[in-house]
Amino acid sequence: MRTTHTVVRSAIGALVALSAVGLATTATAAPAMQKCYGINKAHQNDCASADHACKGQASKSRDPDSFVLLPKGVCAKIAGGSTTPGK
């Protein structure tokens, strides 16, 4: 009887551990990202452009050379968003 309980507890423990591993790998999978130009707020860009060297340095909103990283496909749904820089 005691052996049966041990086997059942081990099996339940293994199932719980396997499901936790499955949840961890699902939760950490990041979506593909793409640059979306022309939709930033002032000082809310993600990286460098021709006018500045780094993140957060865009001096104007909706700068066509500054981008924000978004999940792939979202940029096309935003008015003024473009996947290529331009002036």
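What follows draws every value from the coordinates through simple rules; no lab data is involved. These numbers were taken from a predicted model, which means no experiment stands behind them. Glycine also receives a Cβ, built like all others from the backbone with ideal geometry; neighbour counts cover every protein chain displayed.
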Once both label points are put 7 Å beyond Cα along the C-beta direction, the residue 3-residue 79 separation in nm becomes 7.4 nm
Label model pair residue 72, residue 57: point-to-point distance (7 angstrom along the Cα→beta-carbon line) in nm is 3.0 nm
In nm, the gap between the two label points placed 7 Å beyond Cα toward Cβ at residue 32 and residue 44 is 2.7 nm
